[in-house]
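Peer 1: The following block contains the structure, expressed as C-alpha cells.
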Amino acid sequence: MPSNQGKLVDQIVEALETAIHNGELVPGKRISELALSSTLGVSRGPLREAIRKLEARRLFERTAFHGIRLVDLSIQDLEKLLVVREVLEGAAARAAAENASAKELLALEQFLKKAGRRNGSLPLTPKTPSLGFHHLIARASKNRWLEEMLCKDLYGLLRAYRYLSSEVDHRREAAGREHRGIVEAIAKHDGARAEALMRKHNRDGRLSLIARLKAEQNQEKESSLRLIPREGKARRNSRAKS
C-alpha cells in the first residue's frame, strides 16, 4: 500500500474511533459504507481497508443479514472485559510509577485540571483525539505490550460503552478523587500503591456500572412482560361478565 494511501487509512480509522467514542456510530446498527464515504469525503477503497483494520480488532463485525456493524457487547461480555481491564491497568499504573517521565507526569496533572470531555466529530480531520487518563498511564508504563493490549485492543472495544454508560455513571466525583490519588502515587514512584488504587478504582466502577445496567435490563424485561398478563386478565374479566 502506498505511503499516502496508508496515512489516509490511518486517518479514517482515527475518525471512526472518534465517532464511536462520541456515540455517532451506534452498537448493533448497520453501517452504510456509502454514507460513511460521503460524510468523510473519501473513496470506498481506503474506507473498506480502515473497516477491515477495525474488524481485526473485533471492534466491527460482519454478519450475513446486517453487513458491517459496530460490535454490540452483552452486559456479560462487558463485565468480563472490565475484569481484564482491572488487571492490565493495575499493572500499567505500577509500571508508570516506575517509569513515567516528568513530561508524562505533567500531562496527567494537566488532565486532572481540565477534567473535560473530548469533542471530536465524525468528519475526517488530521487531528488526533486527545488522550484520556487511562490511556496516558498506559503510555507512561513504557511497556509496549501493555500499551498495545490496552490502547489498541481493549479500549477500542470499550469505547462504545464509555459513551453509553456516561449517562448512568453516578461516580463522576468519586472517580475524580480516585484519579487524583492514583496520580499522586505515580508521582511518588509508589508502584504498589498506584496498582492497588487503580485496581480498586476499576473494580468499584465495574461493580457500579454492571449493577446499574443489569437493573435497567430487568426493568425493561418486567415492563414488557407485564402488559401480557394484564391484557389476558382483562379479557378473562370481560368474558366472565358476559
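Peer 1: Could you derive backbone 3J(HN,Hα) for the range 81-86 from the dihedral phi with the Karplus parameters 6.51, -1.76 and 1.60 (θ = phi - 60°), listing whole Hz in sequence and x where the residue is Gly or Pro?
Peer 2: 5, 6, 5, 4, 4, 4
Peer 1: Another question, then. Listed here are the pairs LYS103/LYS214; LYS80/LYS221; LYS29/LYS103; LYS29/LYS200; LYS29/LYS114; which of them are more than 31 Å apart at the Cα?
Peer 2: LYS103/LYS214; LYS29/LYS103; LYS29/LYS200; LYS29/LYS114
Peer 1: Would you pull out the residues with amide H under 5 Å of PHE60's amide H, same chain only if 5 or more places away, H placed 1.01 Å from N?
Peer 2: Answer set, sorted by chain and number: GLU55, VAL71.
Peer 1: Aspartates and glutamates near LYS142 by alpha-carbon distance under 14 Å, same-chain residues fewer than 8 away left out - which ones?
Peer 2: GLU89, GLU98, GLU104
Any read-out appearing in this document is the output of simple, stated calculations on the displayed coordinates, not a laboratory observation. From a predicted model like this one, the values you see are computed outputs, not experimental measurements.
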